[in-house]
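Peer 1: The structure follows.
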């Protein structure tokens, strides 16, 4: 499990695609600094992946077909930066929200505008995610825990403070670029229970 508080920015050092699978190697000092081991979980742009190799400069992960289908990993190019977070320790602080690293779908950056000390980003999203996106609720965008500020039929907005712009790669997104979306797991369970008739 993760919190959506990014711990470092890595760089895609290599990407090997074989059919509907891939091997990614990420360059980062984070894994060495945190004494990561093979088998540990790491969120790469919000995607929970398992470290399969530790390299001198970072780590490698295997990507299965389901992950490639549901995320923006197919868009990543060598040299591109990615947001990284290691799994939450049992005695760690939960500063963001419960993030599983299980991406629901991708969305696209629809617009961006400056608002005094913030940058407002608006994203499109698939219609089936609408029940889980609520104003003032939590959402993870490329693994970053954010608060939804506005919701429309097909888009939602978030506001980024300077710290978030500096510590993540969200500030570098271009309009039209795809991002990974993970809605709040607590909301998913509530909606599922209501649809199954367990909650009235």
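Nothing in this text is a laboratory measurement; each read-out follows from the coordinates by a stated rule. The model shown is predicted, which means the values in this text are computed figures rather than measured ones. Every residue, glycine as well, gets a Cβ built from its backbone with ideal geometry; the counts of neighbours run over all protein chains shown.
Peer 1: For the chain, what relative contact order do you get, as a whole percent, if you take Cα pairs closer than 8 Å and at least 6 residues apart?
Peer 2: 24 percent
Peer 1: Gap in Å between the Cα centre of the range 61-91 and the Cα centre of the range 137-200?
Peer 2: So the two Cα centres are separated by 17 Å.
Peer 1: Next up: Work out how much length residue 155 to residue 34 would gain on full extension: take 0.36 nm times their residue separation and subtract the Cα-Cα distance, in nm to one decimal.
Peer 2: Contour length minus the Cα-Cα distance gives 39.9 nm.
Peer 1: For the range 61-117, just say rounded, prolate or oblate: build the C-alpha gyration tensor, square-root its eigenvalues into a ≥ b ≥ c, call rounded for a/c under 1.5, and beyond that prolate if a/b exceeds b/c, oblate if not.
Peer 2: Verdict is oblate for the range 61-117.
Peer 1: Helix 185-195: angle to the longest alpha-carbon principal axis of the chain, degrees 0 to 90, nearest 10?
Peer 2: 50 degrees
Peer 1: Under a 10 Å cutoff between Cα atoms, tell me which one of 24, 68, 190 has the largest fluctuation in the Gaussian network model of the chain.
Peer 2: Highest fluctuation among the options: 190.
Peer 1: Could you give the length gained on full extension between residue 175 and residue 136, defined as 0.36 nm per residue of separation minus the Cα-Cα distance, in nm?
Peer 2: Between residue 175 and residue 136, full extension yields 11.7 nm more.
Peer 1: Next question. To two decimal places, what compactness ratio does the chain give when its Cα radius of gyration is scaled by 2.2 N^0.38 Å?
Peer 2: Output field value: 1.01.
Peer 1: Going by average Cβ neighbours within 10 Å, how do the peptides 109-117, 77-85, 11-19 rank, with the highest at the top? Write down the numbers at each step before the final one.
Peer 2: Details: 109-117: 11.7, 77-85: 17.3, 11-19: 13.2.
Listed from highest to lowest mean packing, they are 77-85, 11-19, 109-117.
Peer 1: Something else: Take the chain, connect every pair of alpha-carbon atoms lying under 10 Å apart with a spring to form a Gaussian network, then pick out the residue of 163, 97, 35 with the largest mean-square fluctuation.
Peer 2: 35
Peer 1: To make sure I understand, if each residue's beta carbon is the centre and we count other beta carbons within 10 Å, what order do 54, 5, 161 fall in, fewest to most?
Peer 2: 161, 54, 5
Peer 1: Before rounding to the nearest 500, sum -39500 (n - 2.57) across all DSSP H runs of length at least 4 in the chain and divide by the residue total; then give [θ] at 222 nm in deg cm²/dmol. Mind showing how you got there, number by number?
Peer 2: Working: 4 runs with 27 residues, N = 200.
Helix contribution divided over all residues of the chain: -3500 deg cm²/dmol.
Peer 1: Compute a Gaussian network model of the chain, connecting alpha carbons closer than 10 Å, and tell me which residue from 130, 93, 178 fluctuates the most.
Peer 2: 93
Peer 1: Can you sort 34, 136 so the residue with the fewest Cβ neighbours within 10 Å comes first? Walk me through the intermediate numbers first.
Peer 2: Values: 34 14, 136 9.
Result, fewest neighbours first: 136, 34.
Peer 1: In nm, give the distance between the simple-model label positions of residue 55 and residue 94, each being 7 Å from the Cα along the Cα-to-Cβ direction.
Peer 2: So the two model labels end up 3.5 nm from each other.
Peer 1: Next question. Rounded, prolate or oblate for the range 122-200? Axes are the square roots of the Cα gyration tensor eigenvalues, ordered a ≥ b ≥ c, and the cut-off for rounded is a/c under 1.5.
Peer 2: Prolate shape, in that a/c is at least 1.5 and a/b is the bigger ratio.
Peer 1: Equivalent ellipsoid semi-axes for the range 8-86, as square roots of 5 times the alpha carbon gyration tensor eigenvalues: give them largest first, rounded to whole Å.
Peer 2: Over the Cα atoms of the range 8-86, the semi-axes work out to 19, 13, 11 Å.
Peer 1: Kindly state, to the nearest 0.05, the FRET efficiency for residue 112 paired with residue 186, given R0 = 30 Å and r defined as their beta-carbon distance. Intermediate results must be reported in sequence, preceding the final value.
Peer 2: On the way: r = 28 Å, r/R0 = 0.95.
That pair, residue 112 with residue 186, gives E of 0.60.
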